[in-house]
Amino acid sequence: MQNTSGAGAALRPGARGAPGRRRARAAALAALLLALLLAAALDHETAGAQDAEPLCRADLVVVRGEPCLYPGTEHRFAVDRLGRGRFLFFSDAAAISVPGLRIDGQRIHLAAHAQGDGSWLIASAGEPPQDAGVPAPEPEPGEGAFAWTVTRDLGALAEGHGTPTGLWGDGATLWLLENATVEGDALYGYALEDPGEEATLIALAPENALPRGVWSDGETLWVADSGSGRVFAYDAASGEREEGREFALAEANAGARGIWSDGETLWALDAASGALFAYDLRTGAPLGRRALDPENASPHGLWSDGATAWVSDHAGARLFAYRLPPAPAGAGELERAPGDDFLALGEAGNESPRGIWSDGAVMYVADANDDRVYSYHMPPAAQPATGEGGPSPDPSETPAGDAEGDDDDAEGWPRCLRGELREQGFSLVVYEGGSVDDLAACAQGLGVTALYALDGGEWVSYIADAPAFVNRPFGELFAGGLPALTPLLVTTAQPSPADPVEEPAEGTAEEGGDAPAEDDAGEDDAGGAGDGRGSATVIANTGGIGVSHRHDCADGARLPRFGWAEGDAVEVLAEGAGRCAGWLRVEADGIASWVREQYVSGFAGALPDTPRRISRVIANTGGIGVSHRTDCADGARLPRFGWAEGDAVEVLARGHGRCAGWLLARADGVASWVREQYLTAP
C-alpha cells in the first residue's frame, strides 16, 4: 500500500531537494543581510559621536589624521605630514597662538604647541588664556585733552558686525559701517545712551560692496565705496536708496576711505593717492584736491569741526590733524596742526583705527580688530561740526615707547606695508591687514608691481594691472581678507637678475631635507640696505648653482624660485648661534635670508663653537619688556607684539655690520631682533 501522507518519504537526489535548499539558503541570506543592516544602523546611532571630529579644547592631544574642530565654527586644527600644526592661516612646527582674532564675526582664541613626538597639545581653545590666574587690571579713565575716557566707549558690537569701517553720529546714535567679507554689507546704528539696545540695521545696495566712509545731514546717508569709486545715498529714516543724490568720484579718488561734509562740500579721503578730495555735495562736481602729510600714509577715517580735520591712520595708530581749507577749490598740501594730533591711541589698545566722529567733547574711534569703539577727550578748542572752530592748543609731548625709545613713524614703515620697501627688486614686508582691494590700492600707491604670499609652501601671486583671471587664485586664497601682519614678498620693479636662481639639483650644495618651522613675519624681515659697515662678502663655492633664499636656518626652508647666483655680493647681518650655528643671516637687494657659512666667501666668523641651544632672558627694561621687530632697527617695531621682562628666548644669531649690537632671538614660534643689552643669561 502506498504511503500518501509523505511521512518518512525519502527524496531522491536531483528531484525536489535542490530547489528547496536554494530557497532556504536565500531566506537565510536575506535574514542575515537584514540583521547586518539593523546592526549597522544601530552602530551608526550609538557610535556616530565617536566617528565625529572632536572639538578643540584644553589638554586635547592632536595627531596627524585626527584634527579637531574649533567650537562653533568649521575651522580645524590639524597636524600635517611634516608634524607642523595648521590652523586658519597659521602654520608652525613649534607653537601656534591665535590671540582673539575676529573672523566672520567671531572671536578666535587658540593656543597649541608641539610635544616633540609628532603630536600637538591644545593649551586653550575658545577662551582667552589666563595669565597665571591674575586678571588684567581695569583701564583707568583719563582726564584732559586727548586722554582715553574709557567710560564713553562702545563695547561689543552686534553679532555679525566683524569688519567695521566708516563712522558717523548724530549725538544719539553712532552709525558704523560693516564691510562683510562675503555678503552682509550694512550700516549699524548703536544708541549712545543705551549701548545694550539692539542695533538698528540698514542693508546696503549690492553694488555698495566696499563701504568705507559715511556722513549724513540727518535726512540722507552718504556712503563712499572704494570698489565702485562712487558715493551712494540712502534715506536715513527708511534706508531706501536715493540714486538721484549719488555721484561718481574722481578717478584718482576711486579708492575712497572716510568722508565728511559741512552740508555743501563733501570731503573724501583716498589711501592710494594720499590726498583729500573736495566735491560739491549737491551736484557731485569735483572741486579740489589736497595732499596729506606723507607720514599719514594709511588713512581711514575723517571728521572735522569745520576748522580742523582729523584723519585716522592705521600704521601709526594715531589721528593726524589738519587745517581745513577755507575754500574747497584748488590744490596743494593740507596745512598740518600737529598740536591737535591724537597720539596715544595705541596705549588704549586702539591699534587699528578706522572710522571717527566727534560730538565736540568726545572723539569716537572705531577699531578694525577688537570689537570696540574707543572714546577720547577732545582738545578744548574743538567744537561740534555745526559750531565755529578755534585755535589749536600747545603741542603735546609724544608718549614714550618701550625701553628702546622707539619711533613708530620712523623710516622703514612705509604706508600699509611694513618693512623697508626697495626702489627696485624684491622686499619682504608685512601687510597691515585688510581686503585684497585695500592691498591692491595700497600697492598701486607705492609703485608695487607684484605681490607674493605663501600657501602651503607654494607662492601665490597678485600682479598689478593684470587681467582678473591671473589674480583669481590670490583673491580666492584671501577671500576673507588678509590678516594683520601677513608676510608678503613684493616687487617694485624688475629685479636685477633677469631670472631667479633655480633650485639646485639633488646632491648639490643646496641639497635639503624636511621642511622646518615656517617662521612668522618677524624673521622674514626686510632689512635696510647695507651702509658699507657690513662684511664685503659674495656667494661662492656652489659649483655655479647659487643658493636659495630661506626663511629659517634649515635646508628645507627654501623660498621656491628665489635666490642669489654665485658671485652675488651680500652683506652679513648676523652670525648664527645655537641651532643656527654654521649659518649666516645675509642681505642683498632688500632681501634678508639664511645661507650656510660655507657658501659665503670673505667672512671671518667671530663666534666660538656654541651649544645647540643658547637660552637668554629679557631683562634690564625697567619692567617694560621689548617689542617684536622685523629688522635690527628701533623703528621696525610691530605694535602690540613683544616679550615681557623675564621671558625666556633662544638666541639664533649675533648681529654684524649695521646689525651690530643686536641679537636675533626666538620664542613661542616668533623670531625677532633684540638689542644685546636687553638679554641676559638665565
Would you mention how many residues in region 147-180 are surrounded by 16 or more Cβ atoms within 10 Å (Cβ to Cβ), in a loop (DSSP other than H, G, I, E, B) and among the β-branched types (Val, Ile, Thr)? 2
Quick one: Arg612 ticks every box in (1) in a strand (DSSP E or B); (2) at pLDDT below 75 bar one, so which box is it? (1)
Assess whether Asp235 counts as being under 23 Å from Gly184 (Cα atoms), within 28 Å of the chain's Cα centre (by Cα) and among the acidic types (Asp, Glu). no
Within region 635-650, how many residues are modelled with pLDDT of 75 or more and assigned to a strand (DSSP E or B)? 5
Does Arg86 fit the bill of being in a strand (DSSP E or B) and either over 29 Å from Leu482 (Cβ atoms) or out of contact with any Cys (no Cβ under 7 Å at 6 or more places or on another chain) (or both)? yes
Among Ala297, Ala256, Ala278, the single one that is under 28 Å from Gly218 (Cβ atoms) and either without any contact (Cβ under 8 Å) to a residue 24 or more places away in the chain or in contact with an Asp or Glu (Cβ under 8 Å, 6 or more places away or on another chain) (or both) is Ala256
Which of the residues belonging to region 226-242 are modelled with pLDDT of 95 or more and surrounded by 22 or more Cβ atoms within 10 Å (Cβ to Cβ)? Val231, Phe232, Tyr234
Show me the strands (runs of 3 or more DSSP E) found entirely inside region 413-524 where at least 1 residues are at pLDDT 80 or above and of a type in the set (A, V, I, L, M, F, W, C). 450-455, 458-463, 486-491
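The values are calculated or read from the model by the stated rules, or taken from the named source; none is laboratory data. Fair warning: this is a prediction, and the values are worked out from it, not measured in the lab. Positions of Cβ are generated from backbone atoms using ideal geometry, with glycine treated the same way; all protein chains shown enter the neighbour counts.
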